[in-house]
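No lab work stands behind these numbers, since they all come straight from the coordinates. Small disclaimer: the values here were computed from a predicted structure and weren't measured. Don't worry about glycine lacking a Cβ; one is built from the backbone with ideal geometry, like all the others, and counts go over all protein chains shown.
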Amino acid sequence: MSTQVESALPDIDPTGIGAIPFRIRENVKAGNLGSWPVVVVLVIMVAYFGFTANNFFTAVNFNNIIIQMAGTTMLAYGVVFVLLIGEIDLSIGFVSGIAGVVVAELQLPDSGHQIHDVGPIPAGVLIIGVALLVCAAIGVFQGSIVARIGVPAFVVTLAGLSIWQGTIQKALPEQVVIIQDTTINNLAGYFFSDTWGWIIAVVGVGAYAAIVIGGMLSARRHGVAIRDPALVILKLLAVAVLSFGAVAICNSDRGVPFALLLVIIMLILLTFLAKRTTFGRHVYAVGGNAEAARRAGINVPRVRTIVFVISSVMAGLGGIVLAARLNSVNIAAGSGTLLIDAISAAVIGGTSLFGGRGEVRNALFGAMVVVTISNGLNTQNRSAGDILIATGMILLIAVIVDTVLKRRQTKAGR
Amino acid sequence: MRFTPNPRMAVTATETPTTAPLLEIRDLSKSFGSVQALTEVDFEVRAGEVMALVGDNGAGKSTLIKCIAGIHGWDSGEVRVDGKPVSINSPKDAAGLGIEVVYQDLALCDNLDVVQNMYLGREASNGFQVLKEPVMEAKTAETMKSLRVTTIRSIRQPVATLSGGQRQSVAVARAVMWNSRLVILDEPTAALGVAQTAQVLELVARLADQGLAVVLISHNLHDIFAVATRITVLRLGYSIAVFEREKTTQQEVIGAITAGTPTKVSGIPTEAAEAIA
């Protein structure tokens, strides 16, 4: 047998702690740095602002940052999926505005189109559902043009950007609509009591531990290599410390904001969708090699269309959170830095612009960076111009790193 | 899709060339607009043999395998599998007949790991489309072991980190994992060095030994004479000749590739047949 010609590597258990250097090297070779760079950047930034800005390191500001970033994070979650298939969605800013307008109009008393409670279901839930359906329809529309007709997503969503902005302006002749529905406003304004905060942390950490340990048991049953138990325990401990720490900080202010729960729940749901389902696998495949995916029998246009639906729906959800934060929707909904912030968040977090590489959690880390820059510079009394320049610089660095990694990956491949 | 062990893998290569062809193609024609890519091509391959498909650029090799693989249909002619006429309208149809193609570009997703590539488009999942990762990993390991692909360090590493020969092995392993009976390999050694070429050719021979029908497309006659049982020559969209490897020479095959004439001219004017000669 001569099949051993290439095997000159020492035989290390590829799942143990001893193999971490090997795994890191392989990942870097494959152009996959994971979340480490952005987490390091985040820690440095938090430390910097903590020492230089007034009122940054306070529980009140911690809660403010969470509520500030919740809307952008929703958009960024959707952007990750679009970037994973190697596309871009420039319409999300104003699609989020559309959702805000729909929500505001449908709760408007005496407007003739107000939605009321149906039985036990509060009106707010129905209104949010309708707004998300509208966004889903926008996603189907834009996604179909990209996936079935083959028009570049850049142009389709650029047209969408203009169309939805115009729609918002025409839909709000009164310039601004106040949102009075408490269900909607609670998305950004509700805080859990201290007790509920602790309960959420206990349930969350417990569920996470159950899933991780269950996965290990299942792998062992099938005779598949499992991660080193010491590593798993470290990971579980880290999650527990972070969760209880966050709840402790929130509780010393107004409590755990519902927005934080929403951010975490969507993170879990979308990560599950991306990593544990057939559809998610197909998203990565289409982004990695669309032709290979097509030949493997994957319905590539369908995957692409659904990704644009996810993008629009997440934009809509983000738009509703942003509207809830202001308790109103105005004619500028979805404009400003929302689009650039959301895309920056996904890219800064480590999602590749070239497709096939990235994870949902990248968007959360990236959004933390983006919001921490703006919040930190704000507490330092810097101007809006400084914030834009700083965000742009970090985005630029992230894109350069992405491109260099992509080149390394191409070289490592053969 | 459920994984079932390939029953053919256990069969040893005792079948003689007199067995009926697994795949039999008669008078297959295909045109793209005004370009006649294939004209009444005949082709066959039996279980347990490596049938080489050779021809110059533009001879119609790719078109022929794309017809077999269900990438595009054909205009006229007949394709039989196990003696029964079949229609192949999609890659899924081809897979259903046990036909798998390993393309020259391998059609691997570099960003996915070996297991994910092996199950690309046919992921093992439960009723809610949730992936059964341990099942896929265990079966991938099993298949790699049965094909004696032992150089890959971890089947959980991204394909981007593998060498050319390893990538080829993954693509071949993927093709044979799915109850396949006919594996078509398009230029499997084109981009490989000497050692890796030897490794892949060994794998090709092993597939035939295990009872699969193998179609090997290659420009490299040295590789072909190393593993092929028979050799079919295409030229300008016509099937020119079929040689037994042991009864022919590289010179004879090269002659057919560069200057062979169609033995069959029914359906086309005689002048046309002479014109291409």
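From the square roots a ≥ b ≥ c of the eigenvalues of the alpha-carbon gyration tensor of the range B:114-226, which class results: rounded (a/c under 1.5), prolate (a/b over b/c), or oblate? Could you put the intermediate results ahead of the total?
Working: a/c = 2.27, a/b = 1.68, b/c = 1.35.
Prolate, because a/c is 1.5 or more and a/b exceeds b/c.
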message = Out of all DSSP beta bridges in chain B, what portion is antiparallel? Express it as a percent rounded to 5.
response = 55
task = Return a whole-number percent for the relative contact order of chain B, with Cα pairs under 8 Å and 6 or more residues apart as the contact set.
result = 27
task = With θ set to phi - 60°, apply the Karplus curve 6.51 cos²θ - 1.76 cosθ + 1.60 along the range A:131-136 and write out the HN-Hα couplings as whole Hz, x wherever there is a Gly or Pro.
result = 4, 5, 5, 4, 5, 4
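Taking the Cα centre of the range A:194-326 as origin, sum charge times position over the Cβ atoms of Lys and Arg (+1) and Asp and Glu (-1), and report the length of that vector in debye to the nearest 20.
600
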Cα centroid separation, the range A:183-238 to the range A:320-366 (Å) = 25
task = Please name whichever of B:G55, B:I71, B:L38 sits farthest to the positive end of the charge dipole of the range B:26-74, dipole taken about the Cα centre and charges placed at Cβ: Lys and Arg +1, Asp and Glu -1.
result = B:I71
ask   = Shape of the protein assembly as shown from its Cα gyration tensor (a ≥ b ≥ c, root eigenvalues): rounded if a/c is under 1.5, otherwise prolate when a/b > b/c, or oblate?
value = prolate
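Determine, for each peptide in A:157-168, B:103-114, the mean count of other beta carbons within 10 angstrom over its residues, then list the peptides with the highest first. The partial results should precede the final answer.
Values: A:157-168: 19.3, B:103-114: 22.5.
Top of the packing list down: B:103-114, A:157-168.
Counting only Cα atoms, I'd like the Rg/Rh figure for the range A:167-295, Kirkwood definition for Rh. Please report the intermediate quantities before stating the final value.
Details: Rg = 20.8 Å, Rh = 18.5 Å.
The Rg/Rh ratio comes out at 1.13.
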inquiry  = Restricting to Cα pairs below 8 Å that are 6+ residues apart, what does the relative contact order work out to for chain A? Please round to a whole percent.
reply    = 35
remark   = Burial-style ranking of A:378-388, B:191-201, average other-beta-carbon count within 10 Å with highest first, yields B:191-201, A:378-388
request  = Could you work out how far helix B:250-259 tilts from the main Cα principal axis of chain B, as a 0 to 90 degree angle to the nearest 10?
outcome  = 60
query = By counting other Cβ atoms within 10 Å of each Cβ, how are B:Y238, B:Y119 ranked from fewest to most?
reply = B:Y238, B:Y119
message = Quick check on the protein assembly as shown: helices-only [θ] at 222 nm, where DSSP H runs of length 4 and up contribute -39,500 (n - 2.57) each and the sum goes over total residues. Nearest 500, please.
response = -18000 deg cm²/dmol
ask   = When we measure straight from the Cα of B:K30, which aspartates and glutamates land under 14 angstrom away, once same-chain ones fewer than 8 places off are left out?
value = B:E40, B:D42, B:D75, B:E78
request  = Relative to the longest principal axis of the C-alpha atoms of chain A, give the angle of the C-alpha long axis of helix A:229-252, reported between 0 and 90° and rounded to the nearest 10°.
outcome  = 20
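Among DSSP beta bridges lying fully in the protein assembly as shown, give the percent that are antiparallel, nearest 5. Mind showing how you got there, number by number?
On the way: 28 of 45 bridges.
Around 60 percent antiparallel, to the nearest 5.
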query = How large are Rg and Dmax for chain B when only the alpha carbon atoms are used, in Å?
reply = 19.0, 62
message = Averaged across B:130-143, how many Cβ atoms of other chains sit within 10 Å of each residue's Cβ atom?
response = 4
ask   = Which residue, B:R46, B:R174, B:R80, tops the fluctuation ranking in a GNM of chain B built on C-alpha contacts under 10 Å?
value = B:R80
ask   = On a 0 to 90 degree scale, rounded to 10, what angle separates helix A:59-84 from the longest Cα axis of chain A?
value = 70
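What's the Cα-based Rg to Rh of chain A, Rh via Kirkwood?
Working: Rg = 22.4 Å, Rh = 22.8 Å.
Computed over Cα atoms, the ratio is 0.98.
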